[in-house]
1. For region 333-343, does any single residue satisfy the condition of being under 30 Å from F206 (Cα atoms), out of contact with any helix residue (DSSP H, G or I) (no Cβ under 9 Å at 6 or more places or on another chain) and among the small types (G, A, S)?
2. Which of the following residues is within 16 Å of the ligand (Cβ to nearest atom) and surrounded by fewer than 16 Cβ atoms within 10 Å (Cβ to Cβ): D131, D145?
3. Find the strands (runs of 3 or more DSSP E) located wholly in region 211-328 whose residues include 2 or more that are under 30 Å from P173 (Cβ atoms) and under 26 Å from the mean Cα position of the chain (by Cα), and list them.
4. Being modelled with pLDDT of 95 or more, closer than 28 Å to V213 by Cβ and among the basic types (K, R) is the filter here; which residues of region 359-414 pass it?
5. Among (1) within 14 Å of K244 (Cα to Cα); (2) in contact with a strand residue (DSSP E or B) (Cβ under 6 Å, 6 or more places away or on another chain), which single condition is V113 missing?
6. Among the listed residues R370, R357, R330, identify the single one that is in contact with a His (Cβ under 9 Å, 6 or more places away or on another chain) and either among the hydroxyl-bearing types (S, T, Y) or touching a residue at least 40 places away in the same chain (Cβ under 8 Å) (or both).
7. Considering only residues that are among the charged types (D, E, K, R) and within 11 Å of the ligand (Cβ to nearest atom), look in region 265-282 and name the one that is nearest to A231 (Cα to Cα).
8. So which residues in region 401-451 are more than 23 Å from R287 (Cα to Cα), touching a Pro at 6+ places or on another chain (Cβ under 9 Å) and within 11 Å of the ligand (Cβ to nearest atom), if there are any at all?
Amino acid sequence: MRSTTMQFQSRRLDTHAPGSPGRSSAGGLGDRVPPAPENPWARSLWLEGVVRDLTPREKLSGDHTCDVAIVGAGFGGLWTAYYLKAADPSLRVTVIEAEIAGFGAAGRNGGFVSAGIAGSGSRYARVSGWDSVLRAERETHHGVDEIGRVISAEHIDCGYNKEGALTLATTEPQAQRVRAKVEAKHGFGLRPEDIRFLTAEECADFVPGAAGVLAGCFTPHCARVDPARLARGLADACERLGVKIYEQSPAERVSPKVVQCRGGRVSADVVIRATESFTIRERGQRRGFLPLYSLMIATEPLSQEIWDELGWRDGLGIADMRHLYYYAQRTIDGRIALGGRGAPYRLTDPISPSNERDAGVFQRLCDTLRQAFPAASEARITHHWGGSLAVPRDWCMRTTFDRKTGLGFVGAFGGHGVVAANISGRTMRDLVLGHSTDLTSLPWVGYHTRNWEPEPIRFVASRLIAKTLDASDNYEDRTAKPAKRARLVQPFLPPS
Ligand SMILES: Cc1cc2nc3c(=O)[nH]c(=O)nc-3n(C[C@H](O)[C@H](O)[C@H](O)COP(=O)(O)OP(=O)(O)OC[C@H]3O[C@@H](n4cnc5c(N)ncnc54)[C@H](O)[C@@H]3O)c2cc1C
């Protein structure tokens, strides 16, 4: 998934109270926010789907010793554990998870196993040069296939299907941005086989049922998965290799050589933090990331007639090119799952279950789905959920390891963590084992990002950015001219 600009959401939140009938400008269905799941672990369509396997693993209790302790069982933590243990089976690797494996963004995301670097090519290039950025981009292409390889080798049943990703433009300014994006990618070394511009007719060859399309682009470097099945399957694969996973064991202090939890403690030569957006809960870390919520909806399973009308082949990811854009997948059980336009950043309680569902955002997503895919306009919306992304000040990811203290970090993935976490896991393996490889010289290794501005400056700025992006989309829809005001907020946004 492209790093999100759309998480900045400006609509008033009290327009539709959860559960109240909503306004559907396109479908007129009076969408209702679906009830929250009863099982507290089933925090997404995907987690609900694997609900039978969500019984938490053992909690940490007492003192333990191992070689590598990893805090957080999302993709960052699990891939690191998997590759370390696979490379050196003699290593004692322990993962400590506050809730259950896959509870965070890993088990809630859009399921785009998509290429593209997490962060700004020009920022990385300033530190490492453009060759290194091109190498990083190619590594993300490889990452899509590498994830597929492990899924197959470990028999993880998560619907991996690599059919590429389509980005659609429905206004002239969006079409200009698509063209500019493709030219920029070619400009630094990608080929038409990696990404290519499409006319409206060519887009219609991919998805004849998408409405109002003027142009688009296609990359083959993207697969679709059910992310919770992948995360839970990866946790199982780690255990088969001999990794010990403790769940419902929040770390209270992460420091060199020691992870202190309420019920116990793990001592280890190497301690890796993989807590992504939740990192801000730790003292002194609040300004390290902006915890931005991205929200999703899913339809009921659609009939074969509707899929035939849409002509949307299984495995193809679709997104658009609005400033507040959407991303959508065809799920393995035949629904459309569509996300974007996250709830606004909240000053108090920035990570909270109450941020995962938002009646205003829900309605916008419903409207978007019905406008973009008219054949599905009568479909019932059965699920609504969300999760938080870790957004660093410059949107650039990092993998860091201090050999002296044994402390490492994987994360800062923004909206790109599915592939980025896999690359980080392999990179952290090489760093911990002391191997100098192509991975350990990628531009985000040892990369440093400054903190966000103090509150309430950050809060006010994020609300203003949200308003600007929303207004820009409305202006472009109305006039078919590029909204100049969107440029004003570009320095705070991820690269497209
Ligand atoms: C709605 C949504 C859609 C997205 N769509 C896509 C997409 O299609 N493609 C893509 O590439 N990316 C997408 N992303 C981003 C992607 O999901 C994240 O970048 C990625 O999952 C983050 O890495 P992670 O899995 O390691 O983090 P998380 O899954 O957030 O893992 C962090 C883990 O650490 C645990 N933890 C936190 N604090 C502690 C503690 N103190 N002690 C112990 N454990 C702790 C948490 O419980 C959690 O399980 C999306 C994100 C969201 C929210």
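The values are calculated or read from the model by the stated rules, or taken from the named source; none is laboratory data. Note that the structure is a prediction, hence the values are computed from the model and not measured. Every residue, glycine as well, gets a Cβ built from its backbone with ideal geometry; the counts of neighbours run over all protein chains shown.
1. no
2. D145
3. 215-219, 222-224, 290-299, 317-320
4. Across region 359-414, the qualifying residues are R370, R380.
5. (1)
6. Testing whether each residue is in contact with a His (Cβ under 9 Å, 6 or more places away or on another chain) and either among the hydroxyl-bearing types (S, T, Y) or touching a residue at least 40 places away in the same chain (Cβ under 8 Å) (or both) leaves just R357.
7. Looking at residues that are among the charged types (D, E, K, R) and within 11 Å of the ligand (Cβ to nearest atom), I get E276.
8. V418
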